[in-house]
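Since the structure comes first, as structure tokens, the remarks are kept for the end.
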Amino acid sequence: MRKRIVRTACAAAVLLTAMTVTSCASEPDYDFTVSYDGIQTGFVTSKASVHDPSILKVGDTYYIFGSHMSAATCDDLLSWETLANGYHAGNSVYGQIYSVSDEAFAYAGASTSLIPTDDGGVHVWAPDVIYNKKMGKYVMYYCTTSTWNASNLCYGISDTPEGPYEWQGALIYSGFDKDTIYSTDVLDYVDEADALDTYIKGNKGYRFEDWPNAIDPTVFYDGDGRMWMVYGSWSGGIFLLEIDEATGKVIHPAADPANNVDPYFGKRLEGGGHESMEAPYILWDEASGYYYLFVSYGGLSREGGYQIRVFRSETVDGDYVDMNGQTLGPKLNNSYYGLKLSGNYMLPSLNVAYMATGHNSAFVDDDGKKYIVYHTRFNTGSEAHSPRVHQFLVNAEGWPCMLPYQTQGETVSETGYSKDEIAGRYYMINQGTAIDSVIAQPEILYLNKGGKAKTETEEGTWTAEEGTCFITITLGEKTYSGVLCEMPDEAGTTVMTFSAVGYNESVWGVKYAESAK
């Protein structure tokens, strides 16, 4: 596949020669004190609470669908209103799915399932809705789950995005043992002896370190119009299967062990060994020529280190690599793999820190703007969560750079920004690569007009490419390539921001005072 020129992501005009900034300007009076005095605070809040939000746009209306069959809708990616919240008719637009609960929960997800839930409850997680062009239907893919590895991918169809979705069948099973495997469809695709040897550890049950937990399905069209489903979590990692567009069902491939292709579960893309990785979402971006694989690491609780990572590939089935050219295999320390886009952080104008930002979807809107949709918790001592949408831009090397604040209709300049607009005193955070509960706190960064970059502990340089939104910042021995965008903060104050990436780290900056000369 021929890769397109990435630079169109930030500027429609032909790029000019990079702007050279000199170091002859006088030194400013540096003040590295982090103080929010005089900075307005506030949240642009949502009335809805949707966990694991998956985005769908129909006409001018946006929908997000989340775990426990919650859903919300809006027309501005900001003011979400609850559409559904629960499993039962009268409480949810999806009630009719659960009138056939004997089928939907036959294997997993309820106390009456073949593999009962641990707590006796009903568990339906992470639905994803797509409009199937050939079927002319909205198709919901979701998972019913009983234990940390016993799950079942299912699907239903509807004539409208708001449902109800009619049960169609089960697709993929996980967590079976030598007895329950006979209640799945595994043996329709794999010889019995091979299946027992491959998927079962003797009398110890499912080989969870090698094979997926069948949850978190998302379905997408590739650049050639073919449909695919990516799914998986922890356990054996993230897997990919093609979808038959005519039926909505998965297509089981021929076995190809050399390329990590299993005849039942499909191709392993990343992970394994029961390291934290879940919530896969693949976005094809025609402008950059890349497929972006988003995943979440860590535990999903407020202090679990939940976060968004991204890998990319020029082909739909990989290899998906990070900024260091690495793929993530089993039994590796996953904190070193994948570009970390967002974790726990505090920024000026926030009333309280964002925590456990994760389980995202992503899309390219009709106007070409790109967005990441996720849920966040807050540093409030509770597990309350809320959906958020951030625009992301693609840097000169084709890597996503997530803008610091939730979108409020900002548009990046197509002609770039002058050094007068860029230079100044920034509150900067570095997301790092750790998977922990630490909140990234701002430090002060000066970008002066002479091209010097300086924090309290490091010095470096910066350059901006004329006619584009691209910026390069070097601090110490590290260089970050990113983008600039003037946008509203959480209180509605318009500020200059940058988002830059390097070494699988994301750094964000927000300018509030013109202190650099």
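The length gained on full extension between Thr411 and Gln441, counted as 0.36 nm times the residue separation minus their Cα-Cα distance, comes to 8.2 nm. Couplings 3J(HN,Hα) for segment 444-449, derived from phi with the Karplus relation 6.51 cos²θ - 1.76 cosθ + 1.60 (θ = phi - 60°), are 8, 10, 9, 10, 8, 5 Hz, where x marks Gly and Pro. Annotation: per residue accessible area for the chain equals 38 Å², rounded to a whole number [probe 1.4 Å, protein chains only].
Considering only Val310, Gly325, Tyr297, the residue lying farthest towards the positive end of the dipole of segment 282-325 is Tyr297, judged by Cα position with unit charges set on Cβ.
Shape call for segment 250-314 from the C-alpha gyration tensor, a ≥ b ≥ c root eigenvalues: rounded (a/c under 1.5), prolate (a/b greater than b/c) or oblate? Oblate, since a/c reaches 1.5 and b/c is not below a/b.
Between Glu459 and Thr41, the FRET efficiency from the beta-carbon distance, with R0 = 30 Å, is close to 0.45.
At an R0 of 45 angstrom, the distance between the Cβ atoms of Ala513 and Thr82 translates into a FRET efficiency of 0.70. Kindly identify segment 134-176 as rounded, prolate or oblate by the Cα gyration tensor criterion: order the square roots of the eigenvalues as a ≥ b ≥ c, call it rounded if a/c is under 1.5, otherwise compare a/b with b/c, prolate if a/b is larger, else oblate. It comes out prolate by the Cα gyration axes. Sorting the segments 213-219, 120-126, 407-413 by their residues' average number of neighbouring beta-carbon atoms within 10 angstrom, most packed first, yields 213-219, 120-126, 407-413.
Using the Karplus curve 6.51 cos²θ - 1.76 cosθ + 1.60 with θ = phi - 60°, work out ³J(HN,Hα) for each residue of segment 202-209 in order, rounded to whole Hz, and write x for Gly and Pro. Rounded to whole hertz, the list is x, 9, 9, x, 5, 7, 5, 6. Classified by the C-alpha gyration tensor, segment 265-387 has an oblate form. Its axis ratio a/c, with a ≥ b ≥ c, is 1.5 or above, and a/b does not exceed b/c. Ordered from largest to smallest accessible area (heavy atoms of protein chains, 1.4 Å probe), the residues Asp317, Asp322, Asp60 come out as Asp60, Asp317, Asp322. When Rg and Dmax of the Cα atoms in Å is computed from the coordinates, the matching label among (i) 29.6, 97; (ii) 26.4, 81; (iii) 23.4, 77 is (iii). Think of the chain as having a plus end and a minus end, set by charges on the Cβ of Lys, Arg, Asp and Glu; of Tyr446, Tyr206, Gln406, Tyr446 sits farthest toward the positive end of this dipole. Fully extending the segment from Glu477 to Lys178, taken as 0.36 nm per residue of separation minus the present Cα-Cα distance, adds 102.2 nm.
Stretching the chain fully between Asp365 and Arg226 yields a gain of 48.1 nm (0.36 nm per residue, less the alpha carbon separation). For the chain, a simple Cβ point-charge model (Lys and Arg +1, Asp and Glu -1, everything else neutral) yields a dipole of about 600 debye relative to the Cα centre.
Among Ala434, Tyr512, Val483, which residue has its Cα positioned farthest towards the positive end of the charge dipole of segment 391-517, with +1 placed on the Cβ of Lys and Arg, -1 on the Cβ of Asp and Glu, and the dipole taken about the Cα centre? Result: Tyr512, furthest along the dipole toward the positive end. The 3J(HN,Hα) values that the Karplus relation (6.51, -1.76, 1.60; θ = phi - 60°) gives for segment 481-486 are, in residue order, 10, x, 9, 10, 7, 7 Hz. Gly and Pro appear as x. Measuring nothing but protein heavy atoms, the accessible surface of segment 440-501 at 1.4 Å probe radius is 40 percent carbon and sulfur. Residues whose amide H lies under 5 Å from that of Ile243, counting only those 5 or more places away or on a different chain, are Met227, Trp228, Met229, Ile251; hydrogens are built 1.01 Å from N in the peptide plane.
The values are calculated or read from the model by the stated rules, or taken from the named source; none is laboratory data. Because the structure is predicted, anything quoted here is derived from the model rather than measured. We place every Cβ from the backbone using ideal geometry, glycine too, and count neighbours over all the protein chains shown. Ligands, DNA and RNA are excluded from the accessible area calculation, which covers all protein heavy atoms including side chains. Shrake-Rupley method; radii C 1.70, N 1.55, O 1.52, S 1.80 Å.
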